[in-house]
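Chemist: Okay, handing you the structure first.
The values are calculated or read from the model by the stated rules, or taken from the named source; none is laboratory data. Nothing here was measured: the structure is a model prediction, and the numbers come from that model. Using ideal geometry, Cβ is built from the backbone for each residue, glycine included, and neighbour counts are taken over all protein chains shown. Accessible surface areas use protein heavy atoms only, side chains included; no ligands, DNA or RNA. Shrake-Rupley method; radii C 1.70, N 1.55, O 1.52, S 1.80 Å.
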Amino acid sequence: MKRIALGIPLCAALAQAALVVSPAGPISSLTAARDAIRELRRKGTTGTVTVQIQSGWYELAETFALAAEDSDVVYEAAPGAHPVFSGGRKITGWQKGSGPIWTAGAPWMFRQLFLNGRRAQRARTPVNGFFRIDGPSSQDKPFLLKFRGDDVKAAWAGNGAEVVALLAWAELRMPIVSVDPAAHTAVLTGNPRPSNKEKAARYWIENTPDALDAAGAWYLDRAKHTVSYWPLAGENLNRDPAIAPALTQLVRLEGVKNVTFRGLDFRHADWSMEAGGYADGQAAMEAASAFEATGAEQVTIDHCAFSQSGGYAIWFGRGCKRNKVTATAVFDMGAGGIKIGEMARRTADSDQTFDNTLADNDLHDLGLVYPSAVGIWVGQSSRNTITHNHVHDLFYTAISVGWTWGYGPNSCAGNLVEFNHLHHIGKGMMSDMGAIYTLGVQPGTIIRNNLIHDVESFTYGGWGIYPDEGSSEMSIESNIVYRTKSAGFHQHYGRENMVRNNIFAFGREYQLMRTRAEDHISFTFAGNIIYFDSGTLLGGNWSGGGFQMTRNLYWDARGDAVKLPPEDAASVVADPGFVNAGSYDFTVKPDSPAWKLGWKTIDISTAGPRVAAGTLR
């Protein structure tokens, strides 16, 4: 293995087949290191080359791109070092006006601003809370926003203001074309999606100059090429760094093999949208990714950090195989965490995505621009392992695996989702969501030993485990799910799923839900413990049979009688004898009636990361 330490002159480095690069060195960027390695290869160097990167702030002039010729390289932080790679530029030359507002030149277009490492609030009205659409959301083309009172101002049309509306499980973001104050309507730039509807939907408006009315907010005047900011108490714009992203993508890999990124900190990728805005279908798939790979094999991202960016952190897309993301921290993101695969179903062998591993990662504070973004998303991809991750504090689903609606062909099978800790999901922002969400026929997919709690939707659909349309042939076992708004388990429709040896506790509205009755076995529900003190046991549609339920243990802690579900005569109504359900210790005592029903111990003591996620120091 050749080792490149970032710092000594290139001529000497080539002579001894070693390179040193640092911010002050002759080779001071990832791109320069890549090009130096290409030169080494041309001179006959073979095998894996290790690039050690010294501490410093590395401003990316352009997206760091690797192709097939750049395979077999390790890019890692030097021992004890903390290199930061930023896609941003510092905003300087701030001038204070007569009031609290400071203004500086903005020679490029950006949609985020960070002060002292803190995400500043883009000027928004209302500052807190939401406006509400008057009546049902629009199906007109283009979107016709019916507003209440004088919530939308005519002056905002055509001046960079953007409407952000939340429609069940997705959002739209569109500029304003025109406003009719008398009719209380505003025409937006794009069309709605017919699948996303909501009555009295919430919305807000960003980037209006009159919304720059509170400390910590900023506004970009595109016509004047200026940015304005109202500092928080104690902030000094002549001293404290203000950074705005200049790149939407930091790293791009195409066709590489055996490349490792270890101990690196990536920040400041922006988000973008077309002039007409967008109406998201689901999971914020419109969002860009700071790190994107296509056709990559055996790429490892280990002990890295991705933050302060506008889209997803990482995307292993078409044709990515046997890649790993381990012990990596993802936070303060406009969209979600990590995507594996695509929505499109590929047929060529070279385009298949499979055998990837996501382990011991910590993903949190996501969806800050795209509320419908997902923590970990897997689409049309098989045999992936999602294990020991911590996903929390986001507005939509923590882990999604699919991506075919219904019973059509699906390239998603044999995925393993286990020992993840998922909590504070939804947070009352989006609807029709769950901590773990699945779509389509997925033979061999296993969801087990996950710890899930605090799932809160806006209206319907705050579920713990949510097999949605067509979810079939999966095993859901030995999970602990508690404190959900709508139910711990909900199957929309599917066939032949096995749901066994789980604990579903403290659903506020219901404990178990099913939506569609079909003429086949939807699921077998066996050996589970259901414990509640609020709502009712069953919600949705339990007509027509089509399910098998046996050996379950039910208990209403209020002392109310529990009516067993249909065709569940082999189950028992009794106190399961948890060690301390009130403190969410669901350890089953030795004298519990659950043991006679075949209960098996659930060990979630190692749920979540086994090692600290983030950059190595």
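Chemist: May I ask you to list the residues in segment 473-506 that are outside any strand (DSSP E or B), within 23 Å of ASP603 (Cα to Cα) and over 26 Å from the mean Cα position of the chain (by Cα)?
Modeler: Within segment 473-506, ASN501 is the sole residue that qualifies.
Chemist: Does GLN54 meet the test of being open to solvent by 30 Å² or more (accessible area, probe 1.4 Å) and either in contact with a helix residue (DSSP H, G or I) (Cβ under 9 Å, 6 or more places away or on another chain) or under 24 Å from LEU247 (Cα atoms) (or both)?
Modeler: yes
Chemist: Among what's in segment 235-283 and is in a loop (DSSP other than H, G, I, E, B) and aliphatic (A, V, I, L, M), pick the residue that is nearest to THR404 (Cα to Cα). Before you say what the answer is, go through the steps one by one.
Modeler: Applying the first criterion (in a loop (DSSP other than H, G, I, E, B)) to segment 235-283 yields 235-241, 246, 248-250, 255-256, 263-264, 268, 270-277, 280-283.
With aliphatic (A, V, I, L, M) added as a condition, the list becomes 237, 246, 250, 256, 264, 273, 275, 283.
On the way: LEU237: 50, ALA246: 35, LEU250: 30, VAL256: 29, LEU264: 35, MET273: 26, ALA275: 30, ALA283: 14 Å.
Across segment 235-283, the extreme among qualifying residues is ALA283.
Chemist: Answer with yes or no whether TRP595 is more than 30 Å from the chain's Cα centre (by Cα), buried (at least 19 other Cβ atoms within 10 Å of the Cβ) and not in a strand (DSSP E or B).
Modeler: No; evaluated as a whole, the condition is false for this residue.
Chemist: Of all residues in segment 500-521, which are in contact with a Pro (Cβ under 9 Å, 6 or more places away or on another chain) and either open to solvent by 10 Å² or more (accessible area, probe 1.4 Å) or closer than 19 Å to SER543 by Cα (or both)?
Modeler: Hit for segment 500-521 is LEU512, nothing else.
Chemist: I'm checking my understanding of the structure. Among residues of segment 321-344 that are part of a loop (DSSP other than H, G, I, E, B) and touching a Gly at 6+ places or on another chain (Cβ under 8 Å), which one is farthest from ASN116 (Cα to Cα)?
Modeler: Going through the qualifying residues, I end up with MET343.
Chemist: Hey, another quick one. Right, ASP240: modelled with pLDDT under 95, open to solvent by less than 30 Å² (accessible area, probe 1.4 Å) and closer than 22 Å to TRP108 by Cβ or not?
Modeler: yes
Chemist: With the condition kept exactly as written, say whether any residue in segment 416-428 is over 19 Å from LEU451 (Cβ atoms) and of a type outside the set (Phe, Trp, Tyr).
Modeler: Within segment 416-428, one or more residues are over 19 Å from LEU451 (Cβ atoms) and of a type outside the set (Phe, Trp, Tyr).
Chemist: Separate question: Could you tell me whether segment 503-525 includes any residue that is under 30 Å from THR328 (Cβ atoms), out of contact with any helix residue (DSSP H, G or I) (no Cβ under 9 Å at 6 or more places or on another chain) and small (Gly, Ala, Ser)?
Modeler: no
Per-residue answers, yes or no, for (1) modelled with pLDDT of 95 or more; (2) in contact with a strand residue (DSSP E or B) (Cβ under 7 Å, 6 or more places away or on another chain); (3) aromatic (Phe, Trp, Tyr):
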position	(1), (2), (3)
VAL441	yes, yes, no
ARG448	yes, yes, no
THR459	yes, no, no
TRP463	yes, yes, yes
PHE489	yes, yes, yes
MET498	yes, yes, no
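Chemist: Residues SER543, SER583: which one is at pLDDT below 95 and of a type in the set (S, T, N, Q)?
Modeler: Numbers: SER583 fails: at pLDDT below 95.
One residue alone meets the criteria, SER543.
Chemist: Here are some residues: TRP542, TRP555. Which one is in contact with a Pro (Cβ under 7 Å, 6 or more places away or on another chain), closer than 21 Å to LYS485 by Cα and open to solvent by 60 Å² or more (accessible area, probe 1.4 Å)?
Modeler: TRP555
Chemist: GLU509: farther than 28 Å from ARG346 by Cβ and more than 22 Å from the chain's Cα centre (by Cα), yes or no?
Modeler: Here the answer is yes, as GLU509 does meet what is asked.
Chemist: Quick check on GLN139: is it out of contact with any Leu (no Cβ under 6 Å at 6 or more places or on another chain) and under 30 Å from SER86 (Cβ atoms)?
Modeler: Against the criterion (out of contact with any Leu (no Cβ under 6 Å at 6 or more places or on another chain) and under 30 Å from SER86 (Cβ atoms)), GLN139 does not qualify.
Chemist: Select from segment 290-304 the residues that are in a strand (DSSP E or B) and open to solvent by 10 Å² or more (accessible area, probe 1.4 Å) and list them in ascending order.
Modeler: Passing the criteria: GLU292, THR294, GLU297, GLN298, THR300, ASP302.
Chemist: Now, a different point. Is it the case that some residue within segment 13-31 is touching a Gly at 6+ places or on another chain (Cβ under 9 Å), assigned to a helix (DSSP H, G or I) and modelled with pLDDT of 95 or more?
Modeler: no
Chemist: Here is a follow-up. Within segment 357-383, take every residue that is over 22 Å from GLY281 (Cα atoms) and of a type in the set (Gly, Ala, Ser) and give me the one that is nearest to the chain's Cα centre (by Cα). Even if it seems obvious, please write down each step before you answer.
Modeler: The initial filter retains those residues of segment 357-383 that are over 22 Å from GLY281 (Cα atoms), namely 357-364, 382-383.
When the remaining residues are screened for being of a type in the set (Gly, Ala, Ser), the result is 359, 382.
Working: ALA359: 15, SER382: 19 Å.
Looking at residues that are over 22 Å from GLY281 (Cα atoms) and of a type in the set (Gly, Ala, Ser), I get ALA359.
Chemist: Something else: So, restricting to strands (runs of 3 or more DSSP E) that lie completely within segment 345-419, which ones have at least 3 residues that are in contact with a helix residue (DSSP H, G or I) (Cβ under 6 Å, 6 or more places away or on another chain), open to solvent by 10 Å² or more (accessible area, probe 1.4 Å) and aliphatic (A, V, I, L, M)?
Modeler: Of the strands (runs of 3 or more DSSP E) lying wholly inside segment 345-419, none has at least 3 residues that are in contact with a helix residue (DSSP H, G or I) (Cβ under 6 Å, 6 or more places away or on another chain), open to solvent by 10 Å² or more (accessible area, probe 1.4 Å) and aliphatic (A, V, I, L, M).
Chemist: Here's something else I'd like to know. Consider segment 427-462. How many of its residues are open to solvent by 10 Å² or more (accessible area, probe 1.4 Å), without any contact (Cβ under 8 Å) to a residue 60 or more places away in the chain and part of a strand (DSSP E or B)?
Modeler: Going through segment 427-462 one residue at a time, the tally reaches 4.
Chemist: Right, another one. Looking only at segment 156-165, decide whether some residue is more than 25 Å from SER431 (Cβ to Cβ), of a type in the set (Asp, Glu) and in contact with a strand residue (DSSP E or B) (Cβ under 8 Å, 6 or more places away or on another chain).
Modeler: Checked against the condition, which is being more than 25 Å from SER431 (Cβ to Cβ), of a type in the set (Asp, Glu) and in contact with a strand residue (DSSP E or B) (Cβ under 8 Å, 6 or more places away or on another chain), segment 156-165 yields no hits at all.
Chemist: Now a separate question. Tell me yes or no: at least one residue of segment 67-84 is open to solvent by less than 40 Å² (accessible area, probe 1.4 Å), part of a loop (DSSP other than H, G, I, E, B), at pLDDT 95 or above and β-branched (Val, Ile, Thr).
Modeler: no
Chemist: While we're here: On the given criteria, is ARG318 outside any loop (DSSP other than H, G, I, E, B), open to solvent by 30 Å² or more (accessible area, probe 1.4 Å) and in contact with a Ser or Thr (Cβ under 8 Å, 6 or more places away or on another chain)?
Modeler: Numbers: outside any loop (DSSP other than H, G, I, E, B): no; open to solvent by 30 Å² or more (accessible area, probe 1.4 Å): yes; in contact with a Ser or Thr (Cβ under 8 Å, 6 or more places away or on another chain): yes.
No, not satisfied.
Chemist: What pairs come up if the first residue lies in segment 574-597 and is under 19 Å from ASN450 (Cβ atoms), the second is open to solvent by 70 Å² or more (accessible area, probe 1.4 Å) and modelled with pLDDT of 95 or more, and their beta carbons are under 7 Å apart, counting only those six or more places apart or on different chains?
Modeler: Taking only residues 6 or more apart or on different chains, the pairs are PHE578/THR587; ASP585/VAL579; THR587/VAL579.
Chemist: Additional query: If you go through segment 143-184 one residue at a time, how many are aliphatic (A, V, I, L, M) and under 16 Å from ALA211 (Cβ atoms)?
Modeler: Number satisfying all stated conditions: 9.
Chemist: If LEU564 satisfies every condition in (1) surrounded by fewer than 19 Cβ atoms within 10 Å (Cβ to Cβ); (2) modelled with pLDDT of 95 or more; (3) over 19 Å from HIS423 (Cα atoms); (4) under 38 Å from the mean Cα position of the chain (by Cα) but one, which is the exception?
Modeler: Among (1) surrounded by fewer than 19 Cβ atoms within 10 Å (Cβ to Cβ); (2) modelled with pLDDT of 95 or more; (3) over 19 Å from HIS423 (Cα atoms); (4) under 38 Å from the mean Cα position of the chain (by Cα), the lone unmet condition for LEU564 is (2).
Chemist: Go through segment 332-343 and give me each residue that's open to solvent by less than 50 Å² (accessible area, probe 1.4 Å) and either among the acidic types (Asp, Glu) or more than 11 Å from the chain's Cα centre (by Cα) (or both).
Modeler: Within segment 332-343, ASP332, ILE340, GLY341, GLU342 meet the criteria.
Chemist: Here's something else I'd like to know. Would you confirm, using the coordinates I've provided, whether THR353 is more than 30 Å from LEU167 (Cα to Cα) and either touching a residue at least 24 places away in the same chain (Cβ under 8 Å) or in contact with a Lys or Arg (Cβ under 9 Å, 6 or more places away or on another chain) (or both)?
Modeler: Here the answer is yes, as THR353 does meet what is asked.
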